[in-house]
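Inspection log for the structure reproduced underneath, given as structure tokens.
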Number of protein chains: 4
Amino acid sequence: MLHKHQSHNTMTYPTDFYDAAQQLIAAGRFIDSKAWVPATSGNFSLRLADGTIAITVSGKHKGRLQTSDIMLIDAEGRSLDGKKPSAETLLHTSLYQHFPDIHAVLHPHPLNSVLISKCYQQRCILENYELLKAFPGIQTHESQLIVPIFANDQNIARLANLVNSYLASVEVCHGYIIEGHGLYAWGQTLNDALRHLEAFDFLFACELQLKGMKPL
Amino acid sequence: MLHKHQSHNTMTYPTDFYDAAQQLIAAGRFIDSKAWVPATSGNFSLRLADGTIAITVSGKHKGRLQTSDIMLIDAEGRSLDGKKPSAETLLHTSLYQHFPDIHAVLHPHPLNSVLISKCYQQRCILENYELLKAFPGIQTHESQLIVPIFANDQNIARLANLVNSYLASVEVCHGYIIEGHGLYAWGQTLNDALRHLEAFDFLFACELQLKGMKPL
Amino acid sequence: MLHKHQSHNTMTYPTDFYDAAQQLIAAGRFIDSKAWVPATSGNFSLRLADGTIAITVSGKHKGRLQTSDIMLIDAEGRSLDGKKPSAETLLHTSLYQHFPDIHAVLHPHPLNSVLISKCYQQRCILENYELLKAFPGIQTHESQLIVPIFANDQNIARLANLVNSYLASVEVCHGYIIEGHGLYAWGQTLNDALRHLEAFDFLFACELQLKGMKPL
Amino acid sequence: MLHKHQSHNTMTYPTDFYDAAQQLIAAGRFIDSKAWVPATSGNFSLRLADGTIAITVSGKHKGRLQTSDIMLIDAEGRSLDGKKPSAETLLHTSLYQHFPDIHAVLHPHPLNSVLISKCYQQRCILENYELLKAFPGIQTHESQLIVPIFANDQNIARLANLVNSYLASVEVCHGYIIEGHGLYAWGQTLNDALRHLEAFDFLFACELQLKGMKPL
């Protein structure tokens with residue numbers, strides 16, 4: 001039983017774990033400064049060089065993370081240091097398996113993402129914005145960025161399957177929304193993933209405000 | 001008369017009073033950073049180990065509290081250090097009496113709470129939000145959180161009676177709104193109460209913006 | 001001519017001028033943090049013990065004031081230190097003449113005040129808000145606070161006359177709006193005037209958002 | 001080939017380049033604090049005494065610029081230090097050629113500018129705002145400020161020609177919007193250009209919110 005609930009005092013972490021933890025703490029402060037992780041919502045992860053994953057533990061305020069709030073899991077989402085991973089860990093590991101070149105997954109609960117999920121059915125299509133170029137492979141505002149919206153589900157395995165089926169069916173996906181819940185975005189680096197968060201929030205804000213203005 | 005208006009220089013506070021005061025000062029700064037206590041509105045309290053209560057005095061800006069702006073009252077709301085408690089003290093002590101396991105009560109005036117109280121009659125029902133899980137006992141977005149709205153009343157004893165009757169009539173309540181006035185929220189710890197404030201504000205913002213979008 | 005355009009190097013200021021200047025600088029930083037003085041808009045003043053007035057000079061950003069950006073005028077608005085007072089100085093001196101007990105006048109350009117002036121004719125009536133109690137003499141939310149709205153006018157003497165006539169015709173006034181321009185608020189102390197600014201902005205935000213929601 | 005991709009270690013910059021770089025870094029922090037440069041959007045420049053131009057390089061976050069993120073170009077937009085200029089450099093150099101007295105050009109992507117471009121055809125006319133006086137040559141709120149809106153175009157030479165034709169056809173222009181993209185503003189000094197940004201954003205916010213309120 002000791003192995004299963006191994007003390008993290010005696011745990012030997014990969015050498016890049018500590019740097020990853022500091023990066024996640026700083027990212028959490030930035031994301032909280034935007035009010036995108038109200039209460040203790042959200043979770044963030046970074047894939048390390050050896051394929052293990054540094055991820056935030058469950059139930060902490062993401063704007064005030066400490067090193068001990070970051071844990072290590074394997075590629076299947078199993079705890080490697082005895083700490084309790086978030087219920088949504090499977091959504092992170094699925095993304096890392098589907099996209100071999102990404103190293104960061106961010107899941108905040110921005111108001112605009114939640115509102116988009118309440119106003120749109122199944123997907124939100126973003127087009128004719130210069131800021132679309134913030135996403136890899138997009139060279140012109142005359143592009144379409146499709147953001148799928150999945151129904152919320154407390155059964156995370158079932159939700160992960162739904163997401164995986166979608167990802168298998170499309171050529172490109174830069175992020176998705178879970179209805180009434182929040183946004184998943186990712187990137188090759190943490191900075192890329194943060195850039196995508198900023199771009200998504202700006203574009204969703206545009207869409208929402210234009211919806212509100214349409215009757216004029 | 002000396003006893004009734006005892007100097008607080010000679011007052012002996014419980015040992016956990018000073019820590020509670022520092023916590024309330026920090027909470028005030030956070031709450032003010034969200035613009036939830038405009039002007040000198042709002043009041044906050046913490047129940048101490050001996051059952052007495054540390055509470056903000058009347059008429060101070062809650063974002064710039066000093067230790068001398070925190071006073072001590074007994075469980076019935078009587079001043080124990082000669083300072084003048086807020087007129088709304090009775091609403092704090094009622095909550096502590098009704099919920100034996102809570103230790104923090106926060107009463108800010110967030111714009112969203114006031115707007116909710118102007119748009120809804122008697123209660124606002126929150127459902128289908130992942131963030132509902134920020135409240136104790138809620139395990140799924142498929143839950144209903146009912147927030148009662150009471151008419152404002154300068155007669156605080158009468159208002160407290162109304163609140164008490166409501167609380168006696170329901171199994172669960174995580175917060176209430178006074179119309180055109182503000183929000184009351186609470187928790188087992190100050191951090192719990194702050195988490196509830198963040199969650200309420202996010203959920204009220206969602207509801208208000210969805211109301212504004214409905215005609216589209 | 002030396003007397004008229006006296007160098008401020010040789011100027012002897014009242015002893016409370018320097019403290020007033022520091023207070024105005026701090027108030028400017030706070031007011032700018034709320035985005036109430038975009039560009040170089042707005043002006044602020046404090047009446048000193050001898051009846052002279054410390055006031056911001058023309059054309060500076062109010063969020064980054066320096067001591068040299070505060071000048072001294074007499075009760076009629078004449079420069080006492082050779083610096084150039086704002087064109088709107090007369091609106092400050094008029095208020096000090098009308099209200100013998102006030103010592104601070106703040107004139108920011110908050111978005112909400114400008115929007116109120118575009119949505120309402122002649123006056124905005126605020127009622128049924130607990131926050132009305134932030135203003136002196138108001139003991140209950142069941143009060144009416146009338147905020148007059150005056151047409152903008154580059155002829156400040158003419159505008160000051162209009163304001164004076166209004167003030168002479170009413171028993172109570174806590175602030176006024178100039179249409180498409182900004183808000184004038186005041187108080188016995190600078191803290192009182194700042195409290196009124198916060199309260200006005202909150203109340204105007206409520207009114208505007210409720211207007212936006214009415215069709216629902 | 002060495003000349004074409006000359007190392008910037010051996011580059012001799014004009015003496016005022018380093019001060020310009022620090023000013024652009026500070027301006028970027030301010031502009032980002034307003035959320036006007038989401039992701040890595042936007043670019044800023046300053047014209048130096050010798051007619052060369054310090055400008056931000058492509059692809060950096062404008063709120064976290066470092067000295068090495070500022071490069072030197074000539075008046076025609078050619079790199080003088082081997083660094084890669086933004087694709088939109090030509091829009092900066094065109095403005096410097098058209099307005100001999102300006103020394104700063106700022107191109108952020110503020111949400112309000114993008115929304116204005118989605119709600120208005122060809123131009124937005126601002127009138128009856130006191131804040132119009134933030135722009136040079138405007139003495140009264142009874143003025144009209146016309147902000148042209150150009151269709152977005154990834155062909156920057158073609159877009160620059162369109163802008164040049166417009167500028168040649170009017171007597172006054174203080175800024176323009178590219179549809180779904182962002183704002184271009186300028187000034188004799190960087191402070192002037194920043195003042196114009198603040199004024200534009202306030203005025204656009206007014207217009208947008210008034211549009212949203214019209215049905216009432």
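Considering the stretch C:49-74, and only residues there that are part of a loop (DSSP other than H, G, I, E, B) and among the charged types (D, E, K, R), the residue that is farthest from the chain's Cα centre (by Cα) turns out to be C:ASP50. For the residues D:ALA27, D:ALA39, D:ALA54, the requirement of being within 14 Å of chain A (Cβ to nearest Cβ) and aliphatic (A, V, I, L, M) singles out D:ALA39. Remark: pairs (first residue in the stretch D:100-121, among the polar types (S, T, N, Q); second residue not in a helix (DSSP H, G or I); Cβ separation under 7 Å; 6+ apart in sequence or on different chains) = D:SER113/D:ILE177; D:SER113/D:GLY182; D:SER113/D:LEU183; D:SER117/D:ILE149; D:SER117/D:ILE177; D:SER117/D:GLU179; D:SER117/D:GLY180. Restricting the stretch D:70-87 to residues that are at pLDDT 95 or above and touching a helix residue (DSSP H, G or I) at 6+ places or on another chain (Cβ under 8 Å) leaves a set whose member that is surrounded by the most Cβ atoms within 10 Å (Cβ to Cβ) is D:ILE70. Among the conditions (1) assigned to a loop (DSSP other than H, G, I, E, B); (2) over 17 Å from the mean Cα position of the chain (by Cα); (3) farther than 25 Å from C:THR140 by Cα, B:ASP101 misses just one, which is (2). For the stretch A:203-216, the criterion of being of a type in the set (A, V, I, L, M), touching a residue at least 60 places away in the same chain (Cβ under 8 Å) and within 30 Å of A:ASP19 (Cα to Cα) is met by none of the residues.
Which strands (runs of 3 or more DSSP E) does the stretch C:122-216 wholly contain that include 3 or more residues that are under 13 Å from the mean Cα position of the chain (by Cα), more than 9 Å from chain B (Cβ to nearest Cβ) and buried (at least 20 other Cβ atoms within 10 Å of the Cβ)?
Counting at least 3 such residues, we get C:175-178, C:182-187.
Screening C:HIS107 on (1) touching a strand residue (DSSP E or B) at 6+ places or on another chain (Cβ under 8 Å); (2) modelled with pLDDT under 95; (3) under 24 Å from C:ALA35 (Cα atoms); (4) within 14 Å of another protein chain (Cβ to nearest Cβ) shows it passes everything except condition (2).
When B:GLU171, B:GLU142, B:GLU198 are checked against the criterion of being within 27 Å of D:GLN209 (Cα to Cα) and of a type in the set (Asp, Glu), B:GLU198 stands alone in meeting it.
Screening the stretch D:75-94 for residues that are in contact (Cβ under 8 Å) with a residue 40 or more places away in the chain and in a loop (DSSP other than H, G, I, E, B) and picking the one that is farthest from D:ASN155 (Cα to Cα) gives D:ASP81.
State yes or no: is A:PHE99 surrounded by fewer than 22 Cβ atoms within 10 Å (Cβ to Cβ), modelled with pLDDT of 95 or more, in contact with a strand residue (DSSP E or B) (Cβ under 6 Å, 6 or more places away or on another chain) and of a type in the set (Phe, Trp, Tyr)? Reasoning before the result, please.
On the way: surrounded by fewer than 22 Cβ atoms within 10 Å (Cβ to Cβ): yes; modelled with pLDDT of 95 or more: yes; in contact with a strand residue (DSSP E or B) (Cβ under 6 Å, 6 or more places away or on another chain): no; of a type in the set (Phe, Trp, Tyr): yes.
No; evaluated as a whole, the condition is false for this residue.
Of the residues that sit in the stretch D:110-121 and are in contact with a Gly (Cβ under 8 Å, 6 or more places away or on another chain) and more than 14 Å from chain C (Cβ to nearest Cβ), which one is surrounded by the fewest Cβ atoms within 10 Å (Cβ to Cβ)? Step through it out loud before you land on a result.
Our first condition is that a residue be in contact with a Gly (Cβ under 8 Å, 6 or more places away or on another chain); within the stretch D:110-121, this holds for D:110, D:113-114, D:117-118.
Keeping just the survivors that are more than 14 Å from chain C (Cβ to nearest Cβ) gives D:113-114, D:117-118.
Values: D:SER113: 27, D:VAL114: 27, D:SER117: 24, D:LYS118: 17.
Checking each candidate, the answer is D:LYS118.
Considering every residue within the stretch B:17-28, establish whether at least one is more than 14 Å from the chain's Cα centre (by Cα) and closer than 22 Å to C:LEU132 by Cα. Before the answer, list the steps.
Quick first cut of the stretch B:17-28, residues more than 14 Å from the chain's Cα centre (by Cα) only: B:17-23, B:25-26.
The next check asks that each one be closer than 22 Å to C:LEU132 by Cα; those that pass are none.
So far as the stretch B:17-28 goes, no, none of its residues is more than 14 Å from the chain's Cα centre (by Cα) and closer than 22 Å to C:LEU132 by Cα.
Say whether the condition of being of a type in the set (Gly, Ala, Ser), more than 30 Å from D:LEU210 (Cβ to Cβ) and modelled with pLDDT of 95 or more is met by at least one residue in the stretch C:32-40.
If we filter the stretch C:32-40 for residues that are of a type in the set (Gly, Ala, Ser), which is where we start, we get C:33, C:35, C:39.
Filter again for more than 30 Å from D:LEU210 (Cβ to Cβ), leaving none.
Checked against the condition, which is being of a type in the set (Gly, Ala, Ser), more than 30 Å from D:LEU210 (Cβ to Cβ) and modelled with pLDDT of 95 or more, the stretch C:32-40 yields no hits at all.
Within the stretch C:59-80, being out of contact with any Pro (no Cβ under 7 Å at 6 or more places or on another chain) and small (Gly, Ala, Ser) holds for C:GLY59, C:GLY63, C:SER68, C:ALA75.
Note on the stretch B:25-83: among residues that are among the aliphatic types (A, V, I, L, M) and in contact with a Gly (Cβ under 6 Å, 6 or more places away or on another chain), the one that is farthest from C:LEU197 (Cα to Cα) is B:ALA75. Residues in the stretch D:49-68 that are in contact with a His (Cβ under 9 Å, 6 or more places away or on another chain) and either surrounded by 18 or more Cβ atoms within 10 Å (Cβ to Cβ) or under 14 Å from D:LEU95 (Cα atoms) (or both): D:ILE53, D:ILE55.
The values are calculated or read from the model by the stated rules, or taken from the named source; none is laboratory data. Note that the structure is predicted; figures quoted are calculated from it, not measured. Ideal geometry is used to build each Cβ from the backbone, glycine not excepted, and the neighbour counts take in all protein chains shown.
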